[in-house]
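Undergrad: Input: one structure, supplied below.
Read-outs: derived from the displayed coordinates by stated rules, not from any lab. Keep in mind it's a predicted model, so treat the numbers as computed, not measured. Every residue, glycine as well, gets a Cβ built from its backbone with ideal geometry; the counts of neighbours run over all protein chains shown.
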Amino acid sequence: MTLLRLAFGSLRFRRGAFIATFINVFAGATVLMAFASLLDTARGDGVSAADASSLRTIAGAVGGWGLVIVGFGVASTTNLAVRQRQAELALLKAVGATPGQIGRLIIGEGVVVAVVAAALGVVPAFLIGRAVLVALSRTDQIAHGVAHQIGPLALVAGLSTTLLASVGATAVIARSAGRVSAREALSHAAVESRAVGRGRVIAGGVLLAAGVGCALAIATALEDEGFTTLSVAGQACIASAIGLALLSPIVLRAVALPIELATRRSAAASAYLAVAAVRERTRQIAAVTMPVIVLTGLAVGTLYIQMIQNDANAAEGIAVTVEDRGVRTLNLIIIGMISLFAAVVLINNCVASLLARRQEFGLARRIGATPGQLLRAVAWETTIAATCGLVLGTLSAAIGIAGFAYGRTGAVSPDLDSTPYLAVVALVIGLTCIASLPAARRSLAVPMIDAAGPARR
């Protein structure tokens, strides 16, 4: 009970720091419950066997990988929030708390946030699920008389996933926080570990290999299997994107050296500060890069795979069927919902990571850095993070696109309009700028003396 009261007290005292985590959990639970509600709808009275099968297929196609993406997004934000508190958590250990007690404290906070967010997401999930059903009815994929329902399957999907992602992420980070010694805690030396965990590298490699394997399967064995081919192509993009997102800290650390060498002659303090931040705060910078990779890989991959399918059908004189319209609608739904969630994660991670650096910015100002230099340094950091995300996201999309294009048309790189890709790039750049620069200005607006003192949020 003492730890539970302490968890609630921490939530009240640090409510600003939990807003980003709450919003991501809320958005993720809403997306999952919205599509899981189609399963409840399929079980309703008067739903034909064909409509029930279509609803289950759509819920499974969107919800399956949506489950992975939402879990990944929630875990990344929770990871960021807990890592920003390592010194605070280690201080608890210094005054006698055991690693187990610290872990239970953090997990208790995660459970409270997940339950509240999932509960508040029921109403918007119902509205979104009903809107999806209306879109399916208007394209004649589902009978117009089918009534939307939200029931136990949707509630279980939303709550269980958010709990699993939140608790899993907090448990891993709490374990590392518990290993920080009391001396390091009291001296505020509990800094981010430079090594990337072996489990993360293995998971990223496995997912990347799975994405490449899906692309090869499309190009060789599944080149003319209709919806299955499109589905596997989408899986290639998503698996590759998540795999590269997990490996992104390694990439960021690798590009830090050439960027440092390229900017050394300029003698710009902002460039030096940005490169130092990328090198020393790789995981925090990666929290911005990861949603960019997922957003780019999913949006670009799905759009161009659908464009290749449309062009191939037109070239072969194949008439558009109800199934084709259904696939198009499904792809638009996937792009819209999952990309929206990735955008929310991107904005929240940008804001949360910058607002938590007030003390760092205050100390930099004490030793002579000007607010303008720090603001330009943040712009450099954002540019590096977004550029790496766009490059890796484009690579993940290219894996799925190349496999599908070769299997469908016999050409690895068909002639396609670049407008959708440029639109995605503009969206990513716009989101990162909108999120990062105002947050940096807000952090720099705090008086230097107050900012350089102990963090209060």
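Undergrad: Using a basic spin-label model with each label point 7 Å from the Cα along Cα→Cβ, how many nm lie between GLU316 and ALA131?
TA: Calculated label separation equals 3.4 nm.
Undergrad: Using a Förster radius of 35 Å, what is the FRET efficiency between LEU363 and ARG198 based on their Cβ-Cβ separation? Nearest 0.05, please. Intermediate values should be presented prior to the final figure.
TA: On the way: r = 33 Å, r/R0 = 0.94.
Once rounded, the FRET efficiency stands at 0.60.
Undergrad: Give the peptides 49-55, 101-107, 160-166 in descending order of average Cβ contacts within 10 Å, highest first. Show your work: numbers first, answer last.
TA: Working: 49-55: 16.7, 101-107: 20.6, 160-166: 22.9.
Going by the mean number of other Cβ atoms within 10 Å, highest first, we get 160-166, 101-107, 49-55.
Undergrad: Continuing with the same structure: I need the calculated FRET efficiency for the pair THR220 and ARG328, taking r as the beta carbon distance and R₀ as 35 Å, to the nearest 0.05.
TA: Details: r = 26 Å, r/R0 = 0.74.
The calculated FRET efficiency here is 0.85.
Undergrad: I need the peptides 113-120, 33-40 ranked by packing, meaning the mean over residues of other C-beta atoms within 10 angstrom, with the highest value on top. All intermediate terms of the calculation are to be shown ahead of the outcome.
TA: Values: 113-120: 20.5, 33-40: 27.0.
Ranking, from highest mean packing down: 33-40, 113-120.
Undergrad: Moving on to the next point. So, R0 is 25 Å and r is the distance between the beta-carbons of ARG56 and LEU164; what FRET efficiency does that work out to, to 0.05? Write down the numbers at each step before the final one.
TA: Values: r = 22 Å, r/R0 = 0.89.
Computed FRET efficiency for ARG56 and LEU164: 0.65.
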